[in-house]
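The values are calculated or read from the model by the stated rules, or taken from the named source; none is laboratory data. Keep in mind it's a predicted model, so treat the numbers as computed, not measured. With ligands, DNA and RNA removed, areas are computed over all heavy atoms of the protein, side chains included. Shrake-Rupley method; radii C 1.70, N 1.55, O 1.52, S 1.80 Å.
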Amino acid sequence: MRSETALPRPLDTRRILLRALAGGNAVELGALVDLLPDHPQPISAVFDLVDAGEALIDIDAGFDGSMRVWLCPAPLA
């Protein structure tokens with residue numbers, strides 16, 4: 001049984017989100033948020049990946065659950 005006060009660890013959150021984005025296709029923000037039901041700020045967790053340069057968002061879309069998020073492509077060597 002999980003404690004109600006237990007918060008997800010940042011590395012666990014990052015792994016969950018990166019795994020969801022690993023397929024190479026865009027994933028809706030709402031779907032990513034749904035993967036983090038115990039996170040106190042799931043949208044911020046997604047945007048942390050964007051801020052870190054690990055993910056991209058569709059900035060031309062409206063800010064809602066259908067906003068698309070992609071994994072950043074690997075840099076060319």
> Under 5 Å between amide H atoms, partner at least 5 residues away or on a different chain: which partners does Ala55 have, H built in plane at 1.01 Å?
Replying inline: Val50, Cys72
>> Let me cross-check Ile57: its accessible surface, 1.4 Å probe, with only protein heavy atoms counted, in Å² to the nearest 10?
In response: 40
> Each residue of the range 46-57 in order: what ³J(HN,Hα) in whole Hz does its phi give by Karplus 6.51 cos²θ - 1.76 cosθ + 1.60, θ = phi - 60°, with x for Gly and Pro?
Replying inline: 5, 5, 4, 5, 5, 4, 7, x, 9, 9, 10, 10
